[in-house]
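The structure under discussion appears below in the form of structure tokens.
The values are calculated or read from the model by the stated rules, or taken from the named source; none is laboratory data. Only a predicted model underlies this, so the values are computations on that prediction, with no experimental measurement involved. Heads up, the Cβs are rebuilt from the backbone with ideal geometry, glycines too, and the neighbour counts pull from every protein chain shown.
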């Protein structure tokens, strides 16, 4: 088990480029991590990392060792999981997703899953900006929109409606657009969900309209775009997930409801491909089942 710890420590130091960051994750001191990795290098007879006062960088041998080590550690964890009683998941599960998705839709669905697996620790990395999933050792990344890389290992979790929204106060001051073309006469709130190609596309009875709208207010976080629309700054295009609460309490209203907008696909990305840990696959299956239950209830 000591050798396995050394391998796990090495992978985290290599991914993070930092002994101190890896030490914090494992609850060890920086000197302990440095000593364990140095002993590993001594056992292998090869320098895996180049250490300077400013950075920790992989050597060629270290990069090769890391690429071969990742699937081995994943397989070992799966093997341990397979013999545990009750299939209880353990260890650390790292998930990455936009903050709005996590706070509004994913975290509220996780309590039953975590209650079934009390020994599992879950760490979420939140942000609308793309992350280095390999460096951050992410097991599962939840992403909205089209697949960035069609060759990536990914699973479609669900599809959510795109909505065009504004506050009652804004509409009272500026009027309600009756057609998509009238959006050009309004103030626009831009965010991550509105800058994609499908952000301002509409269809009705065979007619299609695609608009290129300049934002009067923009933000790189979807929560900020929803907050701006609710504050009366302008009209936003976003996912129904992102503003479900505001639609329910009336601080936002849907516009152009007789026009069809493209649904937004939600995918789970698995950076490790087929070597994805059992916990990563299990949490995605849990979320998919919960979304299906919600969709069936909405139809009934």
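I need every pair where a residue in the range 56-79 that is exposed (fewer than 13 other Cβ atoms within 10 Å of the Cβ) has its Cβ under 7 Å from the Cβ of a residue that is in a helix (DSSP H, G or I) and at pLDDT 85 or above, sequence separation at least 6 or different chains.
none
Going residue by residue through the range 139-156, is there one that turns out to be at positive phi and surrounded by 13 or more Cβ atoms within 10 Å (Cβ to Cβ)? Write out each step before concluding.
Looking only at the range 139-156, we keep the residues that are at positive phi, and these are 145.
Next cut, surrounded by 13 or more Cβ atoms within 10 Å (Cβ to Cβ) only: 145.
Yes.
Among what's in the range 187-203 and is modelled with pLDDT of 95 or more and touching a helix residue (DSSP H, G or I) at 6+ places or on another chain (Cβ under 6 Å), pick the residue that is surrounded by the fewest Cβ atoms within 10 Å (Cβ to Cβ).
202
Residue by residue, here is whether (1) buried (at least 18 other Cβ atoms within 10 Å of the Cβ); (2) within 25 Å of residue 92 (Cβ to Cβ) holds:
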| residue | (1), (2) |
| --- | --- |
| 18 | no, yes |
| 29 | no, yes |
| 40 | yes, yes |
| 50 | no, no |
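Taking residue 257 and the conditions (1) closer than 21 Å to residue 295 by Cβ; (2) crowded, with 18+ Cβ neighbours inside 10 Å; (3) over 25 Å from the mean Cα position of the chain (by Cα), which numbered condition does it fall short on, given that it satisfies the others?
(2)
Suppose we filter the range 191-208 for residues that are closer than 19 Å to residue 264 by Cβ and either without any contact (Cβ under 8 Å) to a residue 40 or more places away in the chain or not in a strand (DSSP E or B) (or both); how many remain?
11
Suppose the filter is farther than 30 Å from residue 75 by Cα, in a helix (DSSP H, G or I) and at pLDDT 90 or above; does residue 254 pass it? Give the derivation first.
Details: farther than 30 Å from residue 75 by Cα: yes; in a helix (DSSP H, G or I): no; at pLDDT 90 or above: yes.
Judged against the criteria, residue 254 is not a match.
Kindly provide the set of residues from the range 216-228 that are under 14 Å from residue 192 (Cα atoms), in contact (Cβ under 8 Å) with a residue 12 or more places away in the chain and not in a strand (DSSP E or B), ordered by number.
Residues of the range 216-228 under 14 Å from residue 192 (Cα atoms): 217-228.
With the extra rule that they be in contact (Cβ under 8 Å) with a residue 12 or more places away in the chain, the set shrinks to 217-226, 228.
219, 220, 221, 222, 223, 224, 225, 226, 228, listed by residue number.
Does residue 206 satisfy being loosely packed, with under 14 Cβ neighbours inside 10 Å, touching a helix residue (DSSP H, G or I) at 6+ places or on another chain (Cβ under 9 Å) and not assigned by TED's automatic domain parsing to the domain that holds residue 74?
Spelling it out, it is not the case that residue 206 is loosely packed, with under 14 Cβ neighbours inside 10 Å, touching a helix residue (DSSP H, G or I) at 6+ places or on another chain (Cβ under 9 Å) and not assigned by TED's automatic domain parsing to the domain that holds residue 74.
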